[in-house]
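Contents: one structure, followed by commentary.
The values are calculated or read from the model by the stated rules, or taken from the named source; none is laboratory data. Fair warning: this is a prediction, and the values are worked out from it, not measured in the lab. Don't worry about glycine lacking a Cβ; one is built from the backbone with ideal geometry, like all the others, and counts go over all protein chains shown.
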Protein chains: 2
Amino acid sequence: MKDKPLILVTNDDGITAPGIKALVEAVKHLGEVVIVAPDSPQSAMGHAVTISKPLRLEKTKLYGDIVSYQCSGTPADCVKIAVDKVLHRKPDLLVSGINHGSNSSINILYSGTMSAAMEGAIEGIPAVGFSLCDFSIDADFSLAAKIASSVAQNVITNGLPIGVLLNVNIPKVPIETFKGTKVCRQAIAKWEEDFDERHDPNGKKYYWLTGKFVNYDKGEDTDEWALANGYASIVPVQFDLTAHNAIAIITQWNIEYEN
Amino acid sequence: MKDKPLILVTNDDGITAPGIKALVEAVKHLGEVVIVAPDSPQSAMGHAVTISKPLRLEKTKLYGDIVSYQCSGTPADCVKIAVDKVLHRKPDLLVSGINHGSNSSINILYSGTMSAAMEGAIEGIPAVGFSLCDFSIDADFSLAAKIASSVAQNVITNGLPIGVLLNVNIPKVPIETFKGTKVCRQAIAKWEEDFDERHDPNGKKYYWLTGKFVNYDKGEDTDEWALANGYASIVPVQFDLTAHNAIAIITQWNIEYEN
């Protein structure tokens, strides 16, 4: 008899966030679930790991019978410590999220949710990050949870190509108008920064990072297009960042180093 | 008459690190240099950005006539605030480093040095990250500086393909045995974590992240091979993480969401 799949659940909004609770509910029938998630919100942490201070790892009772730990580190730290100190083996699936807010397009690079999934993929674990395009604390995760459940089942059944993880974003739409899922490429987009300049009580300047997200990509095969048109986007993602087509171009350069 | 190129210099080891000093010296003859770098070390920050607290930005006199600012944020923050609040325009080149320690292979994802370069590339700035495979504070940056100077000159002269930045690593070898530069792909490698478990004075456990880097990639066209064989590695990097080949595979899945 085959053992039940071992499923590691993590996120970046912290172990008490409604999004991770929805994700646990969505996947718990698919295998043995273990939760290792940050003890506090870690949004916009990118792929940070904690090397300059030690980590804490504490067992919690937040999820009843489901084994759960909170960790003082980043989402990538949670995956690393889960594999080494909690599971003592590679899980069969890693799911991260459901994030409160979109992680489409270039936001994958800033996203703690996706950094956890990417850390899993680097370690050879089939991994998926889920994000709902709704920042509010009382967002409705019901549609996102259904999609998470089905995507997780598909990954368990079909596996993922080597070196590939998934970035799944779910639009904020009522299920009645939802159009289904669409496998996409990452849109070419960026943040146009606008730092909000203020003065502290001592008269010294400080700055809040603000800005607006701008999609320059007119393609109808992108995650941004899918989300804007009522679809959930599924982007297959790789952690080999080599721009293979550029190798031949750069090879022609003449790099000098002798005087 | 064409204006001199505007060159933004940043890093992740902090504005006083010997590596950034070497980089400033290496590129200052190529254009007008402006430095905006972290006020404290930011290693392993990945592509983190600071959204939960405000940033400080202060002019320094550390570099004499060269305009320099220290910022309380991450390397990616430094690039964002430099463009918006210091330069008020897109620079012609961004150089990040020279990092004290390697950022080859998968380490690009954890690297603050490379996140600054990637942030530049997302903003449309030709960008290069430089790292010397020597962690020591009194490392010899002379060879790395020569390569940085020549690579920077090449980027100014030739430009970079759209969406491409460069990850340049320089081996710790005497210039006499240095074999030259090699344009490579990112090696398939990973960290094998091993958390060092300790007890605090109250008897509670805590963990230090340790581990060893393992290269699984036997290819002779990788950055790891180049560095191990006395070459500096130049990897062209892209921030479109889409695994384009996987789109057709995942499209065949059946994702259910209706009960």
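Quick notes on this structure:
- Number of the exception - A:Tyr69 against (1) on the phi < 0 side of the Ramachandran plot; (2) in a strand (DSSP E or B); (3) under 16 Å from the mean Cα position of the chain (by Cα): (3)
- Single condition B:Leu165 does not satisfy, out of (1) modelled with pLDDT under 95; (2) facing chain A (nearest Cβ under 9 Å); (3) within 24 Å of B:Trp225 (Cα to Cα): (1)
- So B:Ser142, is it within 12 Å of chain A (Cβ to nearest Cβ) and either at pLDDT 95 or above or crowded, with 24+ Cβ neighbours inside 10 Å (or both): yes
- Taken together, the criteria place A:Leu8 among residues that are surrounded by 20 or more Cβ atoms within 10 Å (Cβ to Cβ) and not aromatic (Phe, Trp, Tyr).
- Checklist (1) crowded, with 20+ Cβ neighbours inside 10 Å; (2) part of a strand (DSSP E or B); (3) not β-branched (Val, Ile, Thr) applied to B:Lys59, failing item: (1)
- Positions within the range B:11-52 being surrounded by fewer than 24 Cβ atoms within 10 Å (Cβ to Cβ) and of a type in the set (Asp, Glu), in sequence order: B:Glu25, B:Glu32, B:Asp39
- Every residue from the range A:140-178 that is assigned to a strand (DSSP E or B) and farther than 15 Å from A:Leu93 by Cβ: A:Asn167, A:Asn169, A:Ile170
- Residue that is farthest from the other protein chains (Cβ to nearest Cβ), among those in the range B:112-139 that are out of contact with any His (no Cβ under 9 Å at 6 or more places or on another chain) and assigned to a loop (DSSP other than H, G, I, E, B): B:Asp138
- Test: residue in the range A:43-56 that is of a type in the set (S, T, N, Q) and more than 13 Å from the chain's Cα centre (by Cα): yes
- Among (1) modelled with pLDDT of 95 or more; (2) more than 16 Å from the chain's Cα centre (by Cα) - the single one B:Asp194 does not satisfy: (1)
- The range B:35-62, residues that are farther than 12 Å from B:Ser96 by Cα and touching a residue at least 40 places away in the same chain (Cβ under 8 Å): B:Gln42, B:Ser43, B:Ala44, B:Met45, B:Gly46, B:His47, B:Ala48, B:Thr60, B:Leu62
- As a summary of the residue check, A:Ser149 satisfies the conditions (1) surrounded by fewer than 21 Cβ atoms within 10 Å (Cβ to Cβ); (2) touching a His at 6+ places or on another chain (Cβ under 9 Å) except for the one numbered (1).
- Selection within the range A:153-169: residues that are of a type in the set (A, V, I, L, M, F, W, C) and within 13 Å of the chain's Cα centre (by Cα). The member of this set that is farthest from B:His244 (Cα to Cα) is A:Val168.
- Residue that is farthest from the chain's Cα centre (by Cα), among those in the range A:72-109 that are buried (at least 24 other Cβ atoms within 10 Å of the Cβ), touching a residue at least 40 places away in the same chain (Cβ under 8 Å) and in a loop (DSSP other than H, G, I, E, B): A:Pro91
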